[in-house]
Amino acid sequence: MTILVTGATGNVGRHLVEQLAAEGHSVRALARNPDAVRFPAGVETVAVDLTDLASVERALAGATGLHLLTALGSTNQTIPDSVALLEAAAGAGVRRVTTLWNGYKGPVEEAVEASGLEWTHVQPGEFMSNAAVWAEEIKAEGVVREAFGHIAHAPAHPADIAAVAATALTTGEHAGQEYRLTGPEALPVPAQVEAIGAAIGRELRFEALTEEQGKQRMRDIGMEDEAIDYVIGWRADPPKWTLEPSDLVEQVTGRPARTFAQWAEENTAVFK
Ligand SMILES: NC(=O)c1ccc[n+]([C@@H]2O[C@H](COP(=O)([O-])OP(=O)(O)OC[C@H]3O[C@@H](n4cnc5c(N)ncnc54)[C@H](OP(=O)(O)O)[C@@H]3O)[C@@H](O)[C@H]2O)c1
């Protein structure tokens with residue numbers, strides 16, 4: 001059984017590759033630049049661009065499982081050619097697919113469901129790792145500035161998102177499920193900032209921004225208008241389910257979901 005992991009250098013993919021390898025599965029890590037990350041010994045890496053179908057096809061030989069990013073980049077552009085990609089996967093022997101779904105059912109999810117393969121959609125709300133965007137302000141000034149920071153999301157730990165995908169890919173017990181995946185607690189931004197402060201042993205401040213100030217801050221750090229509108233749109237009016245903690249991680253994996261405090265402890269180097 002060889003499992004292909006797209007987005008292998010990303011927040012979730014890295015954990016997924018590690019977990020599958022630790023469990024003794026044969027893993028092929030795919031990304032445009034897979035050698036940017038050091039994977040556990042024995043993990044195969046293949047350079048794949050999901051916007052180039054031929055590169056995906058070349059990576060499929062011998063694969064039985066596939067973890068598929070459905071969207072790319074800061075504005076979540078849907079991957080192209082998904083029907084052909086799924087056909088190629090099935091033809092190569094893939095039997096089981098997980099998607100890392102970005103919340104809106106689109107052509108990739110439809111192609112996956114029509115493919116005849118066993119599929120599981122893993123649909124996270126916010127990732128805890130989104131907090132890494134505050135690193136520079138925290139390091140330089142001990143402050144986090146955000147618009148809509150009072151809204152309490154229930155972010156999920158990337159390793160838990162990966163663990164749900166790993167369970168679906170390796171057990172086959174979650175076929176046909178669409179899992180809306182949130183973390184164990186709802187935390188407004190100031191509470192997340194407090195947890196990071198506690199982890200790094202430094203008192204941090206939160207400054208609430210207006211929507212316009214929030215947009216300007218993103219321009220200042222080099223984000224493009226389309227990405228800014230996407231992020232602000234999500235922050236101002238998130239899907240309600242992303243605000244509700246859930247025990248899905250424990251239900252699927254048998255282990256309690258990791259807390260934000262735990263994520264902050266594991267990532268102190270990001271903020272120091
Ligand atoms: N952050 C959130 O709150 C959130 C919430 C829900 C869903 N999501 C979804 O989660 C996914 C991102 O997950 P993440 O945070 O684990 O990743 P990430 O850390 O944002 O990294 C993006 C990954 O995608 C790969 N990638 C980008 N463009 C690619 C391309 N053209 N072809 C192949 N690989 C490409 C990158 O690898 P290389 O650069 O090495 O190619 C990297 O592995 C997105 O699809 C997003 O829609 C995110």
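The numbers here are math on the coordinates, done by the rules we state, and not lab data. Fair warning: this is a prediction, and the values are worked out from it, not measured in the lab. Methodologically, a virtual Cβ is constructed for each residue, glycine included, from the backbone with ideal geometry; neighbour enumeration extends over all protein chains shown.
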Counting helices only, and only those DSSP H runs with n ≥ 4, report the 222 nm mean residue ellipticity of the chain as the sum of -39,500 (n - 2.57) divided by its residues, in deg cm²/dmol to the nearest 500. -11500 deg cm²/dmol
Report the far tail of the P(r) of segment 119-244, meaning the percent of Cα-Cα pairs longer than 19 Å. 54
Descending principal axes extents, segment 27-78, alpha-carbon based, whole Å: 33, 23, 17
Over segment 1-145, the quotient of the Cα radius of gyration and 2.2 N^0.38 Å is 1.10
Full-extension gain between Ala90 and Trp241, please, as 0.36 nm times their residue separation minus the C-alpha to C-alpha distance. 51.1 nm
If R0 = 35 Å, then Ala208 and Ala47, at their Cβ-Cβ distance, give a FRET efficiency to the nearest 0.05 of 0.25
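If the viscosity is 0.890 mPa s and the temperature 25 °C, what Stokes-Einstein diffusion coefficient in µm²/s follows for segment 69-134 when Rh is the Kirkwood radius over Cα pairs?
The diffusion coefficient I find is 192 µm²/s.
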So the compactness index of segment 176-242, its C-alpha Rg divided by 2.2 N^0.38 Å, takes the value 1.39
Beta carbons within 10 angstrom, averaged per residue: use that to sort the peptides 149-159, 225-235, highest first. 149-159, 225-235
Distances longer than 32 Å among the Cα atoms of the chain: what percent of all pairs is that? 24
Residues in segment 196-221 near a label at Ala269, defined as backbone nitrogen under 16 Å from the 7 Å Cα→Cβ point? 200
Once you place label points 7 Å from the Cα toward the Cβ at Ala61 and Glu224, how far apart are they in nm? 3.6
